[in-house]
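Chemist: Got a structure for you, written out below as structure tokens; questions coming shortly.
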Amino acid sequence: MLAYILRRLILALITVIAISILSFVIIQLPPGDFITSYIASMSAGGGTVSEAEVEALREQYGLDQPITVQYLKWVSQIVQGNFGMALEWNRPVKDVIGDRLTLTVIISLAAVIFTWAVALPIGIYSAVKRYSIGDYIFTFIGFIGLAIPGFMLALIVLYVGFRYFNANVGGLFSPEYAEAPWSWAKFQDLLAHLPIPAVVLGLSGTAQMIRIMRSNLLDELRKPYVMTARARGLTEMRVILKYPVRVAMNPFISTIGYLLPYIVSGSIIVSLVLSLPTVGPLLLKALIAQDMFLAGTIILLLGVMTVIGTFISDLLLMWVDPRIRLERR
Amino acid sequence: MNDQRTPLLSVRDLKTYFFQDEGTVKAVDGASFDVARGQTLGIVGESGCGKSVTARSILRIVEAPGRIVGGQILWYDAKGQPTDLTQLDPDGHQMRSLRGREIGLIFQEPMTSFSPVHTVGNQIIEAIRLHMGVSKAEARRRAIEALRQVGIPQPERRIDDYAFQLSGGLRQRAMIAVALSCDPRLLIADEPTTALDVTTQAQILDLLRELQQQRGMAIMLITHNLGVVAEMCDDVVVMYLGRVVEVGSVDAIFHQAKHPYTRALLRSIPAITTPPRVKLHTITGSIPHPYNRPSGCPFHPRCPERLRGLCEVAEPALRAVGNGQSVSCFLYENRA
Amino acid sequence: MAEPEQDLKPHATPSSSQGEGWGEGDFLDEDVTTTEAEERISVATAGQLMWWRFRKHRLAMVSAVVLIIFYLVVIFAPFLAYVDPELSEAQRSLMPPQPVHLFREGRFEPHVYAVKGARDPKTFKRVYVTDPNTVIPLRFFVKGFPYKLLGVIPSDIHLLGVEGVPVEEALFILGTDLNGRDLWSRLMFATQMSLTIGLAAVAISLFLGVLLGGISGYFSGTVDTLIQRVIEILRSLPTIPLWMGLAAALPGSWPVQRVYLAITIIISLLGWTELARVVRGRFLTLREEDFITAAELAGCSRMRIIFRHMVPSFLSHIIAATTLAIPAMIISETSLSFLGLGLRPPAISWGVLLEQAQNIQALAISPWLLLPAIPVILAVLAFNFVGDGLRDAADPYG
Ligand SMILES: Nc1ncnc2c1ncn2[C@@H]1O[C@H](COP(=O)(O)OP(=O)(O)OP(=O)(O)O)[C@@H](O)[C@H]1O
Ligand SMILES: [Mg+2]
């Protein structure tokens, strides 16, 4: 069990390192170092940067040193919680991102919950009633869900909401709460706005999860232990829910490792269309303004967030699956 | 069969087919035999001849696309009243109260016969509570007792183990404990020892025999192993391609086998007297494709004694040839 | 147990040599009768078997037809377009789709009505009014703007045209965009771009997947573990932000072709993992089978088995996986271009077209800008169904 946790932890760490390298590459990609672009954008905005300030920054990030040193300095800054400055805002990246990252987490979580809550019962139904009309209908709807990219679904929802309900379905808060400090009322307002983004974000993942649950369960239904459970005289319903469903749940839970990156990815682009105050619009703005430092940091944080989510799901899996919990490998 | 022995289960002309896109698999195609009270019936035959499907048909747990399409399965209750199981709703109360309560089932693979995410105890207690209507604590006590009876050491601790924590032999013992936890009158054992090593096999068979003597239950023993049959069974049913080709007492089958298929099976066992490095006998040809059964006697394409012009066209019926033995073969039609 | 035992299972060895221990009463050594159907199945190659199974998959067959139509559009895009897709005219901005009438006075004579633009005196918005008195007949196979089919065959014949007036002033089957460019004609070219970029990206992915998956499956051991870890890590990354970052780093001064190439590579770089997984899995089973056949069969019959049955089955799995990978590539390109980070004008792709439908204001006034969503959804669905059908056909039990 400990070995399992350790293995997962090491993999998570390696993944984080990989992400940090990729983010750093992205920061480095545009011509010139980012201090140059920092100065350029500062002066474009009418501000000035003193020689001394520039020198201090170059020193801090080791820009005159080899690329590996630069990377290490950057990482050590980040580990100390110093994410640097956001050029366009001229504020620390940490302040710019803060709330938006929390909201990204909340929206992604809501989408995961929606995905599971829908995919689980439908997947079970489709497997147990294989080749029934219901199975075909769900499979077909699932395929359509899979075929509509998130942003397109968001556009359609937006259009339908506007056209037929005369309502703007975008946003996460009503106008009166948008800038307000956190309060119970603001939280309730958030909950009221969550379903639409969660559904839009979760739909194509749901389609995939239905197919995964269906095929997992079909595999399990063929196993002898289902037959022996039947032979004990349980009702068919009880047999299926207690045994194969329970077993098929485990690989289902472990797919969160792929579901989460997918949803976080989707949240970026869906947020743009539905104007959700997540890191998505911020990332796009930063990229278009070529503020690679902010963009790189956002990409890194998104990646780390995903890795943490996956690691938590690994622990969850260990908790529900005695084979992992008890086997010493 | 012997008239004095009262039947417990009587299978009459059972037909179970699997309806697939590619064609219909006639897994069991007119099988008939009886299981007498307290006796052991062996069922032998090549792989794929329908032994397991027969067992599942009796319990009414044949999975889609399989269906019982004909015949009767008569179950005699304690008063000797028959019920035709094929007429019951497979998920209905009556059928379910037979399953696990009156008829227990053991499978070939003890590993996969237990749920990998539930403890062994959970699965025994479930059966006991379902059929005996006792409290949780009482069910647990009985489950521990059941595990003790099948010779599992430290049952109080083992009851909370998962199947993958037990060795193969213990697992199969636990499986027997589940099957026998409600004191059934018939135990169906589908190749109970195939996955075990030879010593463990012998122990499990001894255990079965012992439990049978204590409880007076009947056993339907499905096996590939003629040695096991000789040791355990009172009567033997030989199946080929979903049909019963020969039935008789162990003595009759082993010493006066009538059907060419049975004789071929017996010849394929190496005797202790067989000299080493001599090629064992094999049956010519292979089992026909399940979608395309031969016409007439299903064994005729492989039969050395087939009667040309007869065996390819007509199906022989199962006929008594005396001494409690029956055979389905034209070689014995006129003698019957 | 006292008796020695013998399983009944391994009986099926058809042996032609009459060994020693055969006593009297041997069975006749005659061939087992096989029916014709069985014969047909047993001699069919893996490819034929796959085709038979695929044919049974009705949805996949329909989708295959849809895909064929799509790729016909790819080939004949300039022929199907009737206006130069770049031709813009502020006077024709945001015209709604125009109904095409098929019959006039009971006779088949496709025509449209003339549309006049005017400015609403109060709101200063452009409004378009249909003039039912001016009938413009449609003509087929007419001369129009010159183009080169497949980049080589010069031509100026187009499927559609009108009589009497310049076509760009009269025909707006799907309306126009903000710059007054004809949406139908642009859609034809966008289809060409989006569907070829999908194929190109999948080709690169396939190369990477087969190479790395093959290495992984062939060598096993440390190399295998390493590649598997890399795949695992890549799969646990949120891809869209990474794509966005990489795509945004492309210099804005690059010409269309180079951006196209770069975007293709970016998309395929993160998309090869699934293909590598499939290739590796197949490789492992292939090795296994190879081993068994080698043990069972001798000489040339073994080569025959490998080439007639194993290689095709290997290939069919790869083809199925590749088909299933294409939709993801299409969606990626569309999403990136939609954000303005992928292909940039003057390139035309589905995503570029959809970029104009980005905000609710535009959408509310001119919902037809959302029309390019339909071919995206159709193509993705069709690829999915065909891929599914192929996979089922390649491996009915997997
Ligand atoms: N679920 C199923 N779907 C389709 N065909 C099946 C199914 N289960 C069994 N069959 C077919 O029924 C026939 C008999 O199978 P069965 O499992 O009863 O054989 P068996 O005698 O128990 O063989 P073995 O000794 O290998 O266990 C086989 O041809 C098998 O292919
Ligand atoms: Mg069996």
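Every number here is computed from the coordinates shown, using simple stated rules; none is lab data. As the structure is a prediction and not an experimental result, all values here were calculated from the model. Here the Cβ is made from the backbone with ideal geometry for all residues, glycine too, and neighbour counts use every protein chain on show.
Chemist: DSSP loop trypsin sites (Lys or Arg not before Pro) in region A:182-242 with at most 12 other Cβ atoms within 10 Å of their Cβ, which ones?
Modeler: Listed in order of number, the matching sites are A:ARG222.
Chemist: For C:243-253, what's the mean count of beta carbons from other chains sitting within 10 Å of each residue's beta carbon?
Modeler: Rounded to a whole number, the mean comes out at 6.
Chemist: In addition: Within the set of other residues whose C-beta is less than 12 Å from the C-beta of A:ARG214, count the net charge using Lys and Arg as +1 and Asp and Glu as -1.
Modeler: 0
Chemist: If R0 is 45 Å, what FRET efficiency do you get for C:ARG107 and C:GLN257 from their C-beta distance, rounded to 0.05?
Modeler: According to the calculation, E is roughly 0.40.
Chemist: Please give every one of the lysines within straight-line cross-link reach of A:LYS223, meaning a C-alpha to C-alpha distance under 27 Å, and leave out same-chain neighbours fewer than 8 residues apart.
Modeler: Correct list for A:LYS223: A:LYS129, A:LYS242, B:LYS15, B:LYS26, B:LYS51, C:LYS9.
Chemist: Same structure, new question: Compute the FRET efficiency between A:GLU176 and A:GLN80 as 1/(1 + (r/R0)^6), taking r as their Cβ-Cβ distance and R0 = 41 Å, and round to the nearest 0.05.
Modeler: That pair, A:GLU176 with A:GLN80, gives E of 0.60.
Chemist: Looking at region A:105-289, I'd like the Rg to Rh ratio, where Rg is from alpha-carbon atoms and Rh is Kirkwood's inverse mean 1/r.
Modeler: My calculation puts Rg/Rh at 1.08.
Chemist: What distance in nm separates the two pseudo spin-label positions at A:LYS129 and B:LYS136, each 7 Å out from Cα along the beta-carbon direction?
Modeler: Inter-label distance under the simple model: 3.4 nm.
Chemist: Report, please, the projected area of region B:100-257 averaged over directions, based on the convex hull of its C-alpha atoms, in nm².
Modeler: Computing the convex hull of the Cα atoms and averaging its projections yields 9.7 nm².
Chemist: Considering only B:THR86, B:THR40, B:THR199, give the residue with the highest GNM mean-square fluctuation for chain B, with springs between Cα atoms whenever their separation is below 10 Å.
Modeler: B:THR199
Chemist: What trypsin sites (Lys or Arg not before Pro) in region C:86-179 are in a loop by DSSP, with at most 13 other Cβ atoms within 10 Å of the Cβ?
Modeler: C:LYS122, C:LYS125
Chemist: So if I place +1 on the C-beta of Lys and Arg and -1 on the C-beta of Asp and Glu, and nothing else carries charge, what would the dipole magnitude of chain A be about its Cα centre? I want it in debye, nearest 20.
Modeler: Value, rounded to 20: 2140 debye.
Chemist: State the dimensionless ratio Rg/Rh of chain B (Rg: radius of gyration of Cα atoms; Rh: Kirkwood radius).
Modeler: 0.98
Chemist: Here's something else I'd like to know. Please report the spacing between the Cα centers of region A:87-138 and region B:38-94 in Å, no decimals.
Modeler: Region A:87-138 and region B:38-94 have Cα centres spaced 47 Å from each other.
Chemist: Counting only residues 5 or more places away or on other chains, whose amide H sits under 5 Å from the amide H of B:GLY66 once H atoms are built in the peptide plane?
Modeler: So B:GLY66 has HN proximity to B:PHE19.
Chemist: Here's another thing I want to ask about it. Extent of the protein assembly as shown along each principal axis, from alpha carbon coordinates, in Å, largest to smallest?
Modeler: 110, 76, 58 Å, listed from the longest principal axis down.
Chemist: For A:ILE240, A:ILE10, B:ILE219, what ranking results if the residue with the fewest other Cβ atoms within 10 Å of its Cβ goes first?
Modeler: A:ILE10, A:ILE240, B:ILE219
Chemist: Counting Lys and Arg as +1 and Asp and Glu as -1, each charge on the Cβ, what is the dipole of region A:105-289 about the Cα centre in debye, to the nearest 20?
Modeler: With only Lys, Arg, Asp and Glu charged at Cβ, the dipole is about 840 debye.
Chemist: Taking every residue in A:137-149, how many Cβ atoms of other protein chains lie within 10 Å of its Cβ, on average?
Modeler: Average neighbour count from other chains, rounded to a whole number: 4.
Chemist: Also, I was wondering about something else. Send over the per residue convex hull volume for region B:112-162, Cα only, as a whole number of Å³.
Modeler: 77
Chemist: Here is a follow-up. What is the calculated FRET efficiency for B:PHE19 to B:ASP89, with r their C-beta to C-beta distance and R₀ = 25 Å, to the nearest 0.05?
Modeler: Result of the calculation: an efficiency of 0.80.
Chemist: Here is a follow-up. Suppose only helical runs count, i.e. DSSP H with n ≥ 4. What mean residue ellipticity at 222 nm does that imply for the protein assembly as shown under -39500 (n - 2.57) per run, divided by all residues and rounded to the nearest 500 deg cm²/dmol?
Modeler: Value at 222 nm, helices only: -17500 deg cm²/dmol.
Chemist: Using only Cα atoms and rounding to the nearest 10 degrees, what angle (0 to 90) does helix A:244-254 make with the longest principal axis of chain A?
Modeler: Relative to chain A, helix A:244-254 is tipped by roughly 10 degrees.
Chemist: Moving on to the next point. State to the nearest 20 debye the size of the charge dipole of region B:132-268 about its Cα centre, where the only charges are +1 on K and R beta carbons and -1 on D and E beta carbons.
Modeler: 240
Chemist: Right, here's the next one. Mind checking which lysines have their Cα closer than 25 Å to the Cα of C:LYS125? Skip sequence neighbours fewer than 8 apart in that chain.
Modeler: Once the sequence-local lysines are set aside, what remains near C:LYS125 is C:LYS116.
Chemist: Averaged across B:228-239, how many Cβ atoms of other chains sit within 10 Å of each residue's Cβ atom?
Modeler: Shielding by partners across B:228-239 averages 1.
Chemist: In nm, to one decimal, how far is the modelled label at A:ILE21 from the one at B:GLU210, with both set 7 Å along Cα→Cβ?
Modeler: Taking the two extended label points, one gets 6.2 nm.
Chemist: Please compute the net charge surrounding A:ILE124, taking Lys and Arg as +1 and Asp and Glu as -1 over other residues with Cβ under 14 Å from its Cβ.
Modeler: Computed value for this residue: +3.
Chemist: In what order do B:ASP206, B:ASP161 fall by count of nearby beta-carbon atoms within 10 Å, going from fewest to most?
Modeler: B:ASP206, B:ASP161
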